[in-house]
Amino acid sequence: MERLDKRLAATGRWSRTEAKALIRGGRVTVDGTVCRAPEEKVPESAPVAVDGVPIPGAGPVYLMLNKPAGVVSSTDDPREATVLSLLPEEYRRRGLFPAGRLDKDAEGLLLLTDDGPLAHRLLSPRYHVDKVYYVEVDGALDDADAAALAEGLVLGDGTACLPARLEVLEGGRSAHITLQEGKYHQVKRMLASRGKPVVYLKRIAFGPLILDPELPKGGWRALNLPEIEALFRH
Ligand code: URA
């Protein structure tokens, strides 16, 4: 447990006096509820926000980002804008990294964290964490595609894919596809091997996390406590 004004001052953005003024002014929330008491003791894991923008605490950070197309998932790139460039400075300084990658032209749910052991477990094929994508293709997906994916595709270069679920949506031009692994360009390569190239790709779920429909492209928020607990339970 830590005093709320101390937690704000620890970001380096505000002095203790400024933090107290912000809190008394009703601009600070703890787990979504306004708190006007600078001396209030808050648990390390409680999400704190100033004017609606979450601030990091001393413990690990877990953020949900709605990745837009055009930024790369790496943390450092000499030529391209990275997902970290979408975050405020105090988060960039924390050494956050994405748990799993999305292609530059792909959109949707990316979990950013500095919790290496959790990220490692979520990404390990041993733990079978579902990743759900919404795809649009050039062509029409059908039951034969769903059956082939359910069986486990072998790609042209011999790469064997684990069985995957394909739920074909209206007209076959779009679908939900669920994978339990994350090989390089996997969805694109799987559907290209069926002769139906992907023209749009968005991740909509990662394990127990569902992309928040309120998040605009490029928007982010801290995970709430139930979401963090669900990740650990998973
Ligand atoms: N599969 C792909 O082809 N690209 C992604 O970004 C994610 C999954």
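Worth a mention:
- Among residues of segment 83-113, those that are without any contact (Cβ under 8 Å) to a residue 24 or more places away in the chain and polar (S, T, N, Q), counted: 1
- Taken as a whole, the condition of being within 16 Å of the ligand (Cβ to nearest atom), open to solvent by 30 Å² or more (accessible area, probe 1.4 Å) and more than 22 Å from residue 128 (Cα to Cα) applies to residue 193.
- Restricting segment 191-203 to residues that are part of a helix (DSSP H, G or I) and not polar (S, T, N, Q), the residue that is nearest to residue 121 (Cα to Cα): 191
Matching residues to (1) polar (S, T, N, Q); (2) at pLDDT 95 or above; (3) in the same structural domain as residue 135 (by TED's automatic domain parsing):
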{"site": "187", "(1), (2), (3)": "no, yes, yes"}
{"site": "190", "(1), (2), (3)": "no, yes, yes"}
{"site": "194", "(1), (2), (3)": "no, yes, yes"}
{"site": "199", "(1), (2), (3)": "no, yes, yes"}
{"site": "216", "(1), (2), (3)": "no, yes, no"}
{"site": "222", "(1), (2), (3)": "no, no, no"}
{"site": "226", "(1), (2), (3)": "no, no, no"}
{"site": "229", "(1), (2), (3)": "no, no, no"}
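- Count of residues meeting criterion [surrounded by 14 or more Cβ atoms within 10 Å (Cβ to Cβ) and modelled with pLDDT of 90 or more] in segment 25-47: 9
This table checks each residue for (1) in contact (Cβ under 8 Å) with a residue 24 or more places away in the chain; (2) closer than 15 Å to residue 110 by Cβ.
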residue	(1), (2)
170	no, no
173	yes, no
180	yes, no
193	yes, no
198	yes, no
206	yes, yes
212	yes, yes
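- When residues in segment 114-146 are screened for being part of a helix (DSSP H, G or I) and open to solvent by 80 Å² or more (accessible area, probe 1.4 Å), 6 of them pass.
- Picking from residues in segment 206-234 that are aliphatic (A, V, I, L, M) and farther than 18 Å from residue 83 by Cα, the one that is farthest from the ligand (Cβ to nearest atom) is 225.
- Candidate set: segment 158-190, residues that are assigned to a strand (DSSP E or B) and either among the β-branched types (Val, Ile, Thr) or on the phi > 0 side of the Ramachandran plot (or both); chosen: the one farthest from the ligand (Cβ to nearest atom): 168
- Scope segment 6-24; condition farther than 13 Å from residue 56 by Cα, surrounded by 17 or more Cβ atoms within 10 Å (Cβ to Cβ) and of a type in the set (Lys, Arg); matching residues: 20
- Checked against the criterion of being part of a loop (DSSP other than H, G, I, E, B), within 29 Å of residue 205 (Cβ to Cβ) and out of contact with any Cys (no Cβ under 9 Å at 6 or more places or on another chain), segment 13-26 contains not a single residue that satisfies it.
- Total residues in segment 52-76, condition surrounded by 15 or more Cβ atoms within 10 Å (Cβ to Cβ) and farther than 23 Å from residue 231 by Cα: 4
- Checked against (1) within 13 Å of the ligand (Cβ to nearest atom); (2) crowded, with 16+ Cβ neighbours inside 10 Å; (3) of a type in the set (A, V, I, L, M, F, W, C), residue 155 meets all criteria but (2).
The values are calculated or read from the model by the stated rules, or taken from the named source; none is laboratory data. In this text the structure is predicted, and so the values were computed from the model without any measurement. Note that each Cβ is placed from the backbone with ideal geometry, even for glycine, and that neighbours are counted across all protein chains shown. For accessibility, only protein heavy atoms count, side chains too; no ligands or nucleic acids. Shrake-Rupley method; radii C 1.70, N 1.55, O 1.52, S 1.80 Å.
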